[in-house]
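For reference, the structure discussed in these notes is given below.
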Amino acid sequence: MRGKSCMKRYISVWLAIVLLICAVPGCGQSAARGRGGVKIFFALNQMDTFRQTLVDGAAEQAAQAGAQFAMEDAQGSIERQVEQLKKAAAENYDVIICSPVSVDTAVQLKMSVGDVPIVFVNSCPDEKYLQEGKYIYVGSSEQVAGAFQAEYVLSKLSGRQEFNVVLIKGPASHSATVGRTSGVKRVLEESGKQVHYVFEDSAGWDTAQAQKLFELFLKTGVSADCVICNNDAMALGVMEACRNNGIDCSTLPILGVDATADGCEAIRNGEMAFTVYQSGSGQGHAAVDAAIRLVETGSVKDVEGSTEDGRYVWVDFERVDSSNVSQYDQ
């Protein structure tokens, strides 16, 4: 009997210790997270073809991790996005993935969620707004995409010491516009060639607007040796303008970024010369991985592509032209 009594006391003490540990704030939550129970809210700036792959990739990775996942589209409204983030914080989401409508609202977005960590994705705020373990960025280095475009142009026009460039850009407030444009100009400038930007304007990622802009350029009568666009959608608009004006697209190098299905088809058809593959699904996967690691460990340094300072997770760009476009069928 004494042995049984001692055993009962031992079990009682052991259970009391377990209950005491689990009574500590956050214990139950941590256990749930360990089983993949992280609650992730994705605040999208505005849906388009590329961002659909981003959201799909994030949803897929969250499902594989067993995380809870919800997404809302701000439809280009800063006010709507702020309200969506406030709502997510009030509903006790563990982490926010945010593709900001405007990078200039980073402080406002951070304030709207209190202590909830944010993974910015696809559009990068200024580095001063990023913080290891709290506010990080997942995306592709936009300077690289622009550099790849410039390198292709220099290769294509290698026999020329002077040429005219048309540059069709995305929204001025988007980090991709800034990075891709500066990447193009930096590499072309460093080449020592005489580069004339005979037309430069923003089409806001939009095919129809890019078509209108290029048709406006054509009316000037100025010649272009290449057309560099910040994304594929705008490159498609340039191609449509060429068709409408009897210009053979295969004789004018037209470049984009994203390697969308339509962009890749245009390369296969010989109408677009070059694009840069930006993996939307890869960014979505990495954003979810980073979000979960922020919640579970407070760091993203063990996520593939993370930087030493713990503020960035990079997903590589890849060159795409007629020689390898078949590898990027979507």
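Separation of the stretch 148-183 from the stretch 45-103 is 31 Å, based on Cα centroids. Along the axis of the charge dipole computed for the chain (Cβ charges of +1 for Lys and Arg, -1 for Asp and Glu, origin at the Cα centre), the listed residues S202, V101, M272 are led at the positive end by V101. Segment E304..D56, full-extension length gain: 87.3 nm, with 0.36 nm per residue of separation and the alpha-carbon distance subtracted.
Give me the percent of the accessible area of the stretch 143-278 that comes from carbon and sulfur atoms, probe 1.4 Å, all protein chains in place. Carbon and sulfur: 47 percent of the exposed surface of the stretch 143-278.
Over the chain, DSSP H runs of length four or greater, each weighted -39,500 (n - 2.57), average out per residue to a 222 nm ellipticity of -14500 deg cm²/dmol.
In whole percents, the pair-distance distribution calculated for the chain from its alpha-carbon pairs, binned every 10 Å from zero, is 6, 24, 28, 19, 11, 5, 3, 2, 1, 0, 0.
Measuring r between the beta carbons of T220 and M47 and using R0 = 35 Å, the FRET efficiency lands at 0.50.
For V95, the residues whose modelled amide H falls within less than 5 Å of its own, excluding neighbours fewer than 5 places apart on the same chain, are K39, F41. Two tests apply to each whole DSSP H helix in the chain, Cα reach of 20 Å or more along its axis and mean Kyte-Doolittle hydropathy of at least 0.5, and the ones passing both are 2-22. Quick one: Debye curve from the alpha-carbon atoms of the stretch 143-278 only, equal weights, vacuum; give me log10 I(q)/I(0) at q = 0.12 Å⁻¹ to two decimals. Treating every Cα as an identical point scatterer, log10 I(q)/I(0) equals -0.39. Phi angles of the stretch 304-310 translate, via the Karplus equation with coefficients 6.51, -1.76, 1.60 and θ = phi - 60°, into HN-Hα couplings of 4, x, 6, 8, 4, 7, x Hz per residue; Gly and Pro are given as x.
Solvent exposure of the chain amounts to 47 Å² per residue of accessible area, where only protein heavy atoms count and the probe is 1.4 Å.
The values are calculated or read from the model by the stated rules, or taken from the named source; none is laboratory data. Quick caveat: nothing in here was measured; it's all calculated off a predicted structure. Using ideal geometry, Cβ is built from the backbone for each residue, glycine included, and neighbour counts are taken over all protein chains shown. Heads up: the accessible areas ignore ligands, DNA and RNA and are worked out on the full protein's heavy atoms, side chains in. Shrake-Rupley method; radii C 1.70, N 1.55, O 1.52, S 1.80 Å.
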